[in-house]
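Accompanying notes for the structure given below.
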Amino acid sequence: MTVRIDIDTAACNGYGNCLVAAPEVFELDNNNIAAVLPGRPTDADLDEVREAVADCPAGALRIHEH
């Protein structure tokens with residue numbers, strides 16, 4: 001399965017909930033905007049990514065599973 005994460009950078013407020021849910025997948029950039037780490041997500045990250053999407057108070061994360 002291929003997983004892609006889209007981040008609405010205009011909606012992201014840098015709350016960091018995604019970092020708590022999936023620290024191996026997300027980081028905050030220099031502007032406190034969520035970013036996906038290189039090489040991520042992997043299939044093993046899927047549960048944590050789903051949690052991060054659900055926990056984002058700004059609704060800035062979308063997951064696409066193919």
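Quick note: the coordinates plus some simple rules give every number you see, no bench work behind them. Computed from a predicted model, the values in this text were never measured in an experiment. Note that each Cβ is placed from the backbone with ideal geometry, even for glycine, and that neighbours are counted across all protein chains shown.
For the stretch 38-53, the candidate set comprises residues that are in contact with a strand residue (DSSP E or B) (Cβ under 9 Å, 6 or more places away or on another chain) and of a type in the set (A, V, I, L, M, F, W, C); within that set, the residue that is farthest from residue 65 (Cα to Cα) is 52.
Among the residues of the stretch 33-52, those identified as of a type in the set (A, V, I, L, M, F, W, C) and in contact (Cβ under 8 Å) with a residue 40 or more places away in the chain are 46, 49. Taking the listed residues 18, 12, the one that is surrounded by 15 or more Cβ atoms within 10 Å (Cβ to Cβ) and assigned to a helix (DSSP H, G or I) is 18, with no other qualifying.
Annotation: of all residues in the stretch 1-37 being among the small types (Gly, Ala, Ser) and touching a strand residue (DSSP E or B) at 6+ places or on another chain (Cβ under 7 Å), the one that is farthest from residue 57 (Cα to Cα) is 35.
Would the stretch 53-61 turn up any residue that is surrounded by 15 or more Cβ atoms within 10 Å (Cβ to Cβ), among the aliphatic types (A, V, I, L, M) and not in a loop (DSSP other than H, G, I, E, B)? Looking through the stretch 53-61, at least one residue is surrounded by 15 or more Cβ atoms within 10 Å (Cβ to Cβ), among the aliphatic types (A, V, I, L, M) and not in a loop (DSSP other than H, G, I, E, B). Only one of the numbered conditions (1) assigned to a loop (DSSP other than H, G, I, E, B); (2) of a type outside the set (A, V, I, L, M, F, W, C); (3) out of contact with any Gly (no Cβ under 7 Å at 6 or more places or on another chain) is not met by residue 45, and that is (1).
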